[in-house]
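Colleague: What follows is a structure written as structure tokens; I'll ask about it next.
The values are calculated or read from the model by the stated rules, or taken from the named source; none is laboratory data. Note that the structure is a prediction, hence the values are computed from the model and not measured. Note: ideal-geometry Cβ built from the backbone for every residue, glycine included; neighbour counts use all protein chains shown. Quick note on the areas: whole protein, heavy atoms, side chains included, nothing else; ligands and nucleic acids left out. Shrake-Rupley method; radii C 1.70, N 1.55, O 1.52, S 1.80 Å.
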Amino acid sequence: MNERVYRASASAKVILCGEHAVVYGSPAIAVPVSDLRATASFYPNQVDSLRVELPDVGEAWIWPPEPDNHPLALVIRETLAHLGEDDLRGRLVVRSDIPIGGGMGSSAAVATAVVRAVARALGHTLSPEETSSLVYRAEEIWHGTPSGIDNTVIAYERPVWFVRGQPPEPFYPARSFTLVIADSGVSAATREVVLDVRRRWEQDRPRYEALFRAIGDLVRQVRRALEAGEIEVVGPLLDENQRHLAEMGVSSPLLEALVAAARAAGALGAKLAGAGRGGNVIALVREADAARVAEALRRAGATRTFVTIVRPEPSSIAHATPSVVSRS
Ligand code: PMV
């Protein structure tokens, strides 16, 4: 028997450069990780209510959930209200390959996949802008005061230029570039690391503000290089960003070892990505060197590695998936 399914997916994200300084007004760039995705599959008409299943975390509930403040319940409700619909019956199965709590935007990706699948199931298409703002509301429940980076990068699936207090700005690199992402296996709470940087800044403002300014300058150079297709120029700028982050006190011996291993294996540049002290390292590589750099990162202690290509064009996966597929 053929079973109808409306399926949609959304990518992960990683911060390319500018983290921490962005909290103090400098720009940051985040990019999609299209090869790591969350997927939402909607099977209509199998039940006379809405059943939401999250098999990866062993969760399932019938609409409306108890208590009613589940972030996915909120995103479904907001999406239905936005579409002017009130009837959704079937099974919504949500899965994700994205590491949770690793600064890769897993919650925003899950919410984006759900918004897209719900819209498709009801015969609507949402713009990236509409999707992004629906996901932002769910992120507010999950994270309190999200910066808006995750929902924007993920809904547009495009690099985003971000300055605090301004609308995030998606932009196009002129050429594709390849990143190897390595999980250090160490989880560090973003909130704690951000607070620690604040304490250090309060103790020595001139030094920290000089670091933030230097980071802002190199982030601007990274954007110009990406838009000019000068990928080789970006490598040393990422290295420079790593030196600033280390001076700021957010690197660690393991992160330094990973960055050094990536460079020794031929990466054009490498740095920690996100809050630091743990989390991920990213290495900019020539595509042909990706497997070798990934291998070197694993040998130096990375628990997992992912290779992703950031493309000039919006990903075909996010924007051109047929709205109905059949499964036997
Ligand atoms: O945890 P991530 O990868 O989303 O990165 C946090 C980035 C910081 O600049 C350290 C904090 C922030 O809110 O921008």
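Colleague: What are the extents of the Cα atoms of segment 146-288 along their three principal axes, in Å, largest first?
Modeller: Projected onto its principal axes, the Cα set of segment 146-288 covers 42, 37, 27 Å.
Colleague: Using a Debye calculation, one point per C-alpha and no hydration shell, please list log10 I(q)/I(0) for the chain at q = 0.08, 0.14, 0.15 Å⁻¹ in order.
Modeller: Normalising to I(0) and taking log10 leaves -0.38, -1.06, -1.18.
Colleague: I've got another one for you. Quick check: the angle from helix 71-83's long axis to the longest principal axis of the chain, C-alpha only, nearest 10 degrees?
Modeller: Roughly 60 degrees, rounded to the nearest 10.
Colleague: Angle, helix 128-143 long axis vs. longest principal axis of the chain, Cα atoms, 0 to 90°, nearest 10?
Modeller: Approximately 80 degrees, to the nearest 10.
Colleague: Once the whole set of protein chains is in place, how much accessible area is left on residue 313, using a 1.4 Å probe, in Å² to the nearest 10?
Modeller: For residue 313, the solvent-accessible surface is approximately 120 Å².
Colleague: Something else now. Whose amide H sits under 5 Å from the amide H of residue 50, counting only residues 5 or more places off or on another chain, with H placed in the peptide plane?
Modeller: For residue 50, whose amide H was placed from the backbone, the distant partners under 5 Å are 63, 90.
Colleague: With a cut-off of 8 Å between alpha carbons and a minimum separation of six or more residues, what is the relative contact order of the chain in percent?
Modeller: Once divided by the residue count of the chain, the mean separation gives 24 percent.
Colleague: Which ³J(HN,Hα) values, rounded to whole Hz and listed in residue order, are derived for segment 149-158 from phi using the Karplus coefficients 6.51, -1.76 and 1.60 in 6.51 cos²θ - 1.76 cosθ + 1.60 with θ = phi - 60°, glycine and proline given as x?
Modeller: 5, 4, 4, 6, 4, 6, 5, 8, 6, 8
Colleague: Which of the peptides 71-79, 83-91, 231-239 is most tightly packed, and how do the rest follow, judged by the mean count of other Cβ atoms within 10 Å per residue? Kindly include the intermediate steps, with their values, before the conclusion.
Modeller: Values: 71-79: 21.1, 83-91: 14.0, 231-239: 18.9.
The most tightly packed comes first, giving 71-79, 231-239, 83-91.
Colleague: Right, another one. Any chance you could give the angle, 0 to 90 degrees and rounded to 10, that helix 231-248 forms with the longest Cα principal axis of the chain?
Modeller: Helix 231-248 sits roughly 80 degrees off the main axis of the chain.
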